[in-house]
Structure formats: C-alpha cells, structure tokens
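To start, the structure under review is shown below, and the notes come after it.
The values are calculated or read from the model by the stated rules, or taken from the named source; none is laboratory data. Please read these numbers as outputs of a predicted model, since none were measured by experiment. Here the Cβ positions follow ideal geometry from the backbone for every residue, glycine too, while neighbour counts run over all protein chains shown. These accessible areas exclude ligands, DNA and RNA; they are computed on the full protein's heavy atoms, side chains included. Shrake-Rupley method; radii C 1.70, N 1.55, O 1.52, S 1.80 Å.
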Amino acid sequence: MSKFDPRLNPGEAATLREPAELVAHGLAALSDLSDLEKVAARYAVAVTPDIAALIDPDDPDDPIARQFIPSAEELVASPGENADPIGDHAHSPVTGIVHRYPDRVLFKLVHVCAVYCRFCFRREMVGPGKATALPPAAYDAAIGYIRAHPEIWEVILTGGDPLMLSPRRLAEIMADLAGIDHVRIIRIHTRVPVAEPKRVSAEMVAALRVDGAATWVALHANHARELTGKARAACAALIDAGIPMVSQSVLLRGVNDDAKTLEALMRAFVECRIKPYYLHHGDLAPGTAHLRTTIEHGQELMRQLRGRVSGLCQPDYVLDIPGGHGKSPIGPDYLAPANSFSEVREVDAETRYRVLDFCGDVHLYPPKS
Ligand code: SF4
C-alpha cells in the first residue's frame with residue numbers, strides 16, 4: 001500500500017495538492033512531474049490521507065490511483081469533449097441553480113471537494129481558484145427562486161461537495177430549504193464519506209436532519225475498496241440517524257469496467273444499506289477519454305450484472321445527454337415485439353414479445369401453447 005499511511009506519519013496527514021507532493025509520497029513518478037504540473041495548472045488536484053492510504057504505489061494499474069492521481073493523458077482533448085458536458089449553463093436561471101427537470105433543481109453551494117476526481121464532469125468549474133461558496137446575495141436569490149417555483153419538490157445539493165461546508169452552515173441551509181412548503185426532499189450528493197469520513201461527525205449528521213423535508217444522501221464511489229471500515233461507519237451514522245442513502249458510480253475504464261469489480265462494488269453498497277441508484281456513462285469532460293468505455297461495453301456489463309446479483313444490487317445505467325437534455329437510461333433491452341424477429345414471424349406473432357432471461361436465452365411471452 002501507499003507510503004502515505006497517516007497512522008505511521010501522523011505529521012503528514014494532510015491532503016496532497018501538488019504534483020511534487022504526490023511524487024514525494026510515492027504516488028506519482030518523478031519522470032511525470034513536469035506533465036503533472038501542466039495538468040494541475042488546469043484541473044484541481046487533491047488526495048486526502050484516507051484515499052492516499054488506499055493506493056498501492058507498486059500497482060501501475062491501481063484503480064484508486066487512476067481516479068485521483070493526475071495523468072498526462074488529461075492534456076489530450078478528444079472530439080466532442082466540452083467544458084460543460086451535461087449542459088448545466090443552459091438551464092441555470094440564477095447563479096447556483098440548475099433547473100432542468102420540472103420538479104427538481106440542482107443547488108450548487110460550493111465549488112470545492114475533498115478530492116478531485118480525474119474524470120469529473122464539472123472539472124472546469126470545481127477546485128480552488130474557481131468560485132468558492134455562493135456569496136450571500138446569490139444564495140438569497142437562489143432560495144428566492146426555489147420559493148417562487150411551487151413545482152420544485154426536490155432540491156439536490158451538489159457542487160462541489162456540500163459536505164465541505166461546516167455543520168453550522170449546512171444546518172442553516174437545510175432549515176432554509178425545509179422552510180419552503182413545497183420542498184419535500186433534500187438530496188445531498190457527496191464523496192466525503194469515502195474521501196474524508198471524519199467530516200461525517202455527530203454535528204454533521206444532526207445538521208442534515210431537518211423537520212419539514214426528508215433528507216437523502218447519494219454517495220459517489222466507484223470501487224469496493226473505497227468502502228473502508230471508516231467509510232462504512234460514516235454511512236452507518238447517516239443511515240442510523242434516519243437518512244436513507246443511494247449510490248452513484250461512474251463507469252470508468254481501468255477502474256470498474258469488468259463484471260467482477262462492478263459486482264463487488266454493488267454488493268458492498270447493499271451491505272452498507274446503500275441502494276445502488278445510478279451507474280453513469282462517463283461524461284464528455286475535457287481530457288477524460290482515457291477513462292471512458294463504450295456504451296456497448298457498459299450494456300454488456302449490465303447484462304452480466306443482471307445474471308450475477310439480485311435486483312437490490314442493480315443500478316440504472318444512464319447517460320447525461322450532452323447539451324443539457326437530461327439523463328436517459330441506456331441499459332440493455334430485455335423485451336422486444338416478437339414480430340420483429342424472423343424466427344417468430346408466424347401465427348399471432350404480433351401479440352407476443354421476445355424476452356431475454358439473465359442467461360441470455362430468448363423466450364416468447366405469452367409462451368406458445
Ligand atoms: S467529488 Fe464530484 S464534483 Fe468533486 S471532483 Fe469528484 S466528481 Fe467532481
């Protein structure tokens with residue numbers, strides 16, 4: 001495992017933010033330093049002690065390193081990549097709000113995260129040097145927008161990572177939102193329980209519970225190794241306090257793009273009482289082509305997952321359509337009209353369907369009598 005073991009080096013238990021620090025801790029090669037400094041000049045870098053301790057520096061293909069340690073490949077722009085790959089700007093009526101679907105909004109409170117993922121879809125907007133927390137006037141305008149739109153049932157706190165805020169500030173925000181009658185659900189998207197689990201303190205958990213609205217937490221993790229004992233304890237603290245959790249993962253080449261790894265991740269979520277929710281196809285964020293898979297490969301993995309784990313462990317495989325057109329499920333089809341297949345173009349085929357089972361075998365529904 002990494003030379004960065006906070007138990008052995010308590011004085012060094014700080015987040016690594018400079019490529020030179022990554023080299024000094026054995027997490028990047030000295031020969032790559034110049035390229036990594038070019039990457040870091042454009043995209044934020046942060047590796048917390050908890051994440052650093054998970055990386056095996058002797059494994060050139062370490063799936064944790066691949067998510068957080070910058071790579072020269074990020075300097076390569078590929079066709080179709082875009083600074084705003086999911087089209088947040090096109091649906092932002094006021095600063096901090098993205099109103100893409102009628103009944104819900106994204107509320108982007110902060111532009112910082114505990115760690116910076118190399119595939120981040122908001123990589124041009126998050127990190128030190130970008131904007132920080134919403135200024136008070138912009139915050140008030142965002143709350144005013146939500147209050148003025150009674151169709152908004154759910155507010156999704158995202159960013160940046162909302163759990164980078166202090167418990168005191170989060171409690172104020174939760175109270176402001178829950179005080180709006182039509183806001184019934186507050187969902188928080190976070191990577192903090194895995195990246196910096198100590199932030200999930202008793203004060204933080206208390207801040208997230210609020211009268212007048214139900215709080216949900218969506219955890220972003222991409223490999224079962226991220227769900228350490230400390231991460232599991234942080235999630236248990238939230239769930240035991242009555243805050244249900246769902247998962248979000250990104251399908252990433254060299255991280256989780258094989259059925260065994262995905263299966264382990266989904267099982268780990270369910271063991272933690274976290275319902276697998278989304279498996280995102282990698283967005284067209286700049287310099288991330290080396291981490292994306294094909295959609296065909298993602299569909300094949302979803303087929304394999306269906307055969308390996310129960311429905312409790314199945315996420316929806318989704319694509320955010322570039323340009324701000326929202327998410328669509330892109331998982332494999334299991335059902336098709338039977339008359340579209342030559343083998344069943346016969347008696348009453350138009351009233352039947354072709355259904356694939358979890359082994360890939362085809363059946364007619366209703367069956368032939
Ligand atoms: S935690 Fe989320 S917002 Fe922050 S860098 Fe990772 S993917 Fe981007």
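A search for C-beta distances below 9 Å between a residue of the range 171-195 that is open to solvent by 10 Å² or more (accessible area, probe 1.4 Å) and any residue that is among the aromatic types (F, W, Y), counting only pairs 6+ apart in sequence or on different chains, returns D176/Y139; H182/W153; R184/W153; I185/W153; I185/W216; R187/W216.
Please count how many residues of the range 115-144 are surrounded by fewer than 16 Cβ atoms within 10 Å (Cβ to Cβ) and among the charged types (D, E, K, R). Outline the logic, then answer.
Just the residues of the range 115-144 that are surrounded by fewer than 16 Cβ atoms within 10 Å (Cβ to Cβ), to begin with: 128-130, 132, 135-138, 140, 144.
Within this subset, residues satisfying the condition of being among the charged types (D, E, K, R) are 130, 140.
Qualifying residue count for the region: 2.
Annotation note: of A114, A133, A65, the sole residue that is part of a loop (DSSP other than H, G, I, E, B), free of Cβ contacts under 8 Å to residues at least 40 places away in the same chain, of a type in the set (G, A, S) and within 16 Å of the ligand (Cβ to nearest atom) is A133. A single member of P10, P85, P57 is out of contact with any helix residue (DSSP H, G or I) (no Cβ under 6 Å at 6 or more places or on another chain), more than 27 Å from P197 (Cβ to Cβ), modelled with pLDDT under 95 and not β-branched (V, I, T), and it is P85. What is the number of the single condition among (1) acidic (D, E); (2) within 15 Å of the ligand (Cβ to nearest atom); (3) in contact with a strand residue (DSSP E or B) (Cβ under 7 Å, 6 or more places away or on another chain) that E124 does not meet? For E124, the exception is condition (3). For V355, state whether it is modelled with pLDDT of 90 or more, farther than 23 Å from H281 by Cα and in a strand (DSSP E or B). So V355 fits the description; yes. Scanning the range 275-320 for residues that are open to solvent by 40 Å² or more (accessible area, probe 1.4 Å) and part of a loop (DSSP other than H, G, I, E, B) yields L284, T294, S310. Looking at the range 150-182 only, could you name the residues that are within 16 Å of the ligand (Cβ to nearest atom) and either in contact with a Gly (Cβ under 8 Å, 6 or more places away or on another chain) or of a type in the set (G, A, S) (or both)? Of everything in the range 150-182, those that are within 16 Å of the ligand (Cβ to nearest atom) and either in contact with a Gly (Cβ under 8 Å, 6 or more places away or on another chain) or of a type in the set (G, A, S) (or both) turn out to be G159, G160. Against the numbered list (1) within 13 Å of the ligand (Cβ to nearest atom); (2) open to solvent by 40 Å² or more (accessible area, probe 1.4 Å); (3) at pLDDT 95 or above; (4) among the basic types (K, R), R147 comes up short only at (1). If the condition is being more than 15 Å from the ligand (Cβ to nearest atom), in a loop (DSSP other than H, G, I, E, B) and in contact (Cβ under 8 Å) with a residue 40 or more places away in the chain, then the range 40-62 contributes A53, L54, I55, D56, P57, D61.
Within the range 97-111, being more than 11 Å from the ligand (Cβ to nearest atom), part of a strand (DSSP E or B) and open to solvent by 20 Å² or more (accessible area, probe 1.4 Å) holds for H99, R100, Y101, R104, L106.
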